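Written below as structure tokens is the structure these notes are about.
The values are calculated or read from the model by the stated rules, or taken from the named source; none is laboratory data. The model shown is predicted, which means the values in this text are computed figures rather than measured ones. For neighbour counting, all protein chains shown are included, and Cβ atoms are generated from backbone atoms with ideal geometry for every residue, glycine included. We work out accessible area using only protein heavy atoms, side chains counted, and drop any ligands, DNA or RNA first. Shrake-Rupley method; radii C 1.70, N 1.55, O 1.52, S 1.80 Å.
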Amino acid sequence: MQEKILVLDFGGQYNMLIARRVREQHVFAEIRPYSKITPADIRSAGYRGVIFTGGPNSVYDPASPHFDPAVLELGVPILGICYGHQLMAWMAGGEIASAGSISEYGKVTLRHDDSPLFAGIPEESVCWMSHTDYVKTVPAGFSVIASTEHCPCAAMADEGRRLYGVQFHPEVTHTAYGKRLLHNFLFTVCGCKGDWTMDDFVTASVEKYRRELAGKRALCALSGGVDSSVAAVLLHRAIGDRLTCVFVDHGLLRKDEGDTVERVFREQFDMNLIRVDARDRFLTKLAGVTEPEKKRRIIGEEFIRVFEREAEKLGKIDVLVQGTIYPDVIESGAGDASVIKSHHNVGGLPDVIDFEGIVEPLRELFKDEVRAVGLELGIPRELVMRQPFPGPGLAIRVLGEITEEKLDTLREADAIFREEVAKAGLEAPPSQYFAVLTDGRSVGVMGDARTYGWTVALRAVSTDDFMTADWTRLPYELLAAASSRITNEVRSVSRVVYDVTSKPPATVEWE
Ligand code: XMP
């Protein structure tokens, strides 16, 4: 059985980071909201250890998250972090108090005693604190194993029961020896071997779905994006022809994109693929629509309608495969497993098809891990490393009314820009880059004649999380080459501008 750690989520801001830090040490970590799991589940799932995360609350607040104290008696090692540390102390009969005006925030000096948790860590080191409440009296059986100037119990342990709590955050890089501490917990306390790799993830998932979906038929909406592609290939490996992929071509993709998707999935993977040519249908619905949110709504709804119609033709389908990844789960409601976000981001779930269930093979993974799985599965690098592309596609990059002619113009300009970025071989390519067809025409001159063509805007941003973004300082030569080629090669474009606005105040997309 694959060794794994449970990250029991109490709502803190660093919870994703904890799972990440564990996986970086080649131990698989699953994150579960505290309200969705019981001590009995923890026992039967065979976790090697449990980490209680931080959380924004105070244990004495009746509305704060609590957990069944029976978890402390399972014999499974536990590490409580911040709120998780206080909760463990409280559950075991300790006393928590509010530090009031001397709450600690930021880097402080930690002093520790001897404990397997601190093996290899200097007696004094820097840790990251962020708390008001603290453990005033440790529960029976526990002893204090570290302190700071203002925090008498910065860490506690009941070595016999292998229960540990730390008030600071070992998962953030500001804690100098945080990684070492987690390593000690995983390897010395929990006895993990650390042999988890993406390869194992693929093998374990394929086996799991082969077993769970024996004799069942599955359907997957393929968008050509990274997540749905990886989910589809993984499921295909498990159940082969019993998976059908529906690729709705809404005509709002970039140049040659639809054909690439079809080629990869049909030829390389020999999948049951249905490509639905819905271009006219989408264009007709979008005719005359200029308002961005209305465009998004129409595309989302149409997508679902087209998908439903195809699914109905297929007869009984048991499960729907979705490319949901961990950040989607978080965005759609603090780890609450009941909220499902449609993988193509533009609409909801089909409501007329009667599925038995939804399969989300990538639900636990972060984006870079999904890419690693994709490469492991043999999906071409250019598809796996693709920059993000919005569900509504070029519809929100053709400003104002959408027409076939405007879409074609944008596709050509965008392809040239992407070619030039690729050709420049930048050391740090932008996180996302594309062309926008503005709704403005401007005067130009070509030969001796006056022209009056479209203005194309080029956009390139650098960002980690897309919540904020800086405009990328692309080399002038690259911009010059793109501008010159676009105005020469794309009829009806007479001007190219570069967008030098960051987010905020602007957004990445223009609509
Ligand atoms: P904004 O424009 O909000 O974009 O700064 C942030 C990131 O989200 C993408 N984006 C979308 N993705 N459906 C999507 O699937 C949408 O409606 C949508 N709007 C923006 C955008 O491309 C960028 O990566």
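Within the range 416-438, the residues that satisfy the criterion of being surrounded by fewer than 19 Cβ atoms within 10 Å (Cβ to Cβ) and assigned to a loop (DSSP other than H, G, I, E, B) are GLY425, LEU426, GLU427, ALA428, PRO429, SER431. Restricted to the range 279-300, and to residues there that are of a type outside the set (Lys, Arg) and under 14 Å from GLY393 (Cα atoms), the residue that is farthest from the ligand (Cβ to nearest atom) is LEU283.
Select from the range 309-325 the residues that are in a helix (DSSP H, G or I) and either assigned by TED's automatic domain parsing to the domain that holds LEU407 or open to solvent by 10 Å² or more (accessible area, probe 1.4 Å) (or both) and list them in ascending order. Listed by number, the residues that qualify are ARG309, GLU310, GLU312, LYS313.
If you check ASP249, ASP270, ASP256 for being open to solvent by 50 Å² or more (accessible area, probe 1.4 Å), among the acidic types (Asp, Glu) and under 30 Å from GLU401 (Cβ atoms), only one passes: ASP256. Looking across ARG495, ARG459, one residue alone is touching a residue at least 12 places away in the same chain (Cβ under 8 Å), within 16 Å of the ligand (Cβ to nearest atom) and within 17 Å of ARG397 (Cα to Cα). It is ARG459.
Restricting the first member to the range 16-35 and to residues that are of a type in the set (D, E, K, R), and the second to residues that are in a helix (DSSP H, G or I) and surrounded by 19 or more Cβ atoms within 10 Å (Cβ to Cβ), the beta-carbon pairs closer than 8 Å and six or more apart or on different chains are ARG21/GLY178; ARG21/LEU182; GLU30/ALA19. Summed over the range 356-412, the residues that are assigned to a helix (DSSP H, G or I), in contact with a strand residue (DSSP E or B) (Cβ under 7 Å, 6 or more places away or on another chain) and within 14 Å of the ligand (Cβ to nearest atom) give a count of 0.
Looking across the range 466-491 at every residue that is open to solvent by 60 Å² or more (accessible area, probe 1.4 Å), within 16 Å of the ligand (Cβ to nearest atom) and not aromatic (Phe, Trp, Tyr), the one that is nearest to ARG411 (Cα to Cα) is identified as ASP470.
Scanning the range 400-410 for residues that are within 24 Å of ILE304 (Cα to Cα) and not hydroxyl-bearing (Ser, Thr, Tyr) turns up GLY400, GLU401, ILE402, GLU404, LEU407. Here is the figure for the range 273-306: residues that are open to solvent by 60 Å² or more (accessible area, probe 1.4 Å) and touching a Ser or Thr at 6+ places or on another chain (Cβ under 9 Å) total 1. Taking the conditions exactly as written (within 16 Å of the ligand (Cβ to nearest atom), in contact (Cβ under 8 Å) with a residue 12 or more places away in the chain and within 30 Å of PHE366 (Cα to Cα)), does ALA506 satisfy them or not? Spelling it out, it is not the case that ALA506 is within 16 Å of the ligand (Cβ to nearest atom), in contact (Cβ under 8 Å) with a residue 12 or more places away in the chain and within 30 Å of PHE366 (Cα to Cα). Within the range 439-455, being hydrophobic (A, V, I, L, M, F, W, C) and surrounded by 14 or more Cβ atoms within 10 Å (Cβ to Cβ) holds for one residue alone: TRP454. Scanning the range 444-477 for residues that are of a type in the set (Lys, Arg) and closer than 16 Å to TRP510 by Cα returns a single hit, ARG459. The requirement of being in contact with a strand residue (DSSP E or B) (Cβ under 6 Å, 6 or more places away or on another chain) and more than 18 Å from VAL189 (Cβ to Cβ) is fulfilled nowhere in the range 64-75; no residue meets it. The residues of the range 270-313 that are at pLDDT below 95 and within 23 Å of LEU234 (Cβ to Cβ), listed by number, are PHE303, PHE307, GLU310, ALA311. Of the residues making up the range 384-393, just one is in contact with a helix residue (DSSP H, G or I) (Cβ under 6 Å, 6 or more places away or on another chain) and under 16 Å from ASP256 (Cβ atoms), namely ARG386. In this entry, ALA415 passes the filter for residues that are more than 22 Å from GLU293 (Cα to Cα), among the small types (Gly, Ala, Ser) and under 31 Å from the mean Cα position of the chain (by Cα).
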